[in-house]
């Protein structure tokens, strides 16, 4: 029987896969927009239609990605509560499992991790603090890495867009019959940039908020209502922040394992 942790990982892995497809569709839109500078006639309209379809498909796929991410986050929250309090969550778990696909059940075993949220045998409130602190530590570091990566990619994309627009303006001025579809395509080129800027802001805000939550958890013994309030705030932050790409996680995993081991050893 797959654990809650492995199921959440399988669901989020599928969400990351859908996110990759979404990014590929954005790339198709961008390539169509960039290539439109050098096209004329009916071919220009075909490329414009392709760009519109790909961008609309990306928008539809983003809905599926967000639904999978929400389900994964719900499973994580359930796992945290169960790990902390050892409560019987069979009813909630059955409801969430009904949303998990057969494919995700099959791939869950490979995500099984016995050290996931490894905690002491302390009181439930103490275990909850330990789990949230570990989550905050990992997430805020990974969000910071995602922010830096997104800013770097956005700068490169902005430079490319400016170069293409300068070239495009010189072309459209001599091609009045097809300036409208071409200008519409040039406008679509900004979508990936806006998306990148929005993600960078989200990652940055999440990093600051999780750092604050981590610090509050470590300052003094919290009253139970305050602890639940911080747990709720943690859930809101992680739910509203974009997915962490697998490449970022893998590149930072070894360093963060070392840093976390040093932290809990003190």
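Comparing 246, 82, 73 in a Gaussian network model of the chain (Cα springs below 10 Å), the most mobile by mean-square fluctuation is 246. Can you tell me how the chain classifies by the Cα gyration tensor, rounded, prolate or oblate, using a/c under 1.5 as the rounded cut? The shape class here is prolate. Note on residue 259 and residue 126: the model spin-label points, each 7 Å out from Cα along the C-beta direction, lie 2.7 nm apart.
Mean-square fluctuations from a GNM of the chain, with a 10 angstrom spring cutoff on Cα atoms, peak among 196, 204, 41 at 41.
Label sites at residue 101 and residue 208, each approximated as a point 7 angstrom past Cα along Cα to Cβ, lie 3.7 nm apart. Were the residues from residue 155 through residue 228 laid out at 0.36 nm apart, the gain over their Cα-Cα distance would be 22.3 nm. Projecting label points 7 angstrom from Cα along Cα→Cβ for residue 62 and residue 247 puts them 2.1 nm apart. Any idea what angle helix 224-239 forms with the longest principal axis of the chain, computed on alpha-carbon atoms, 0 to 90 degrees, nearest 10? Result, in degrees: 30.
When the chain is treated as a Gaussian network with alpha carbon springs shorter than 10 Å, the biggest mean-square fluctuation among 85, 143, 234 belongs to 85.
Quick note: the coordinates plus some simple rules give every number you see, no bench work behind them. As the structure is a computational prediction, the values presented were derived from the model and not from experiment. Neighbour counts run over all protein chains shown; Cβ positions are idealised from the backbone, glycine included.
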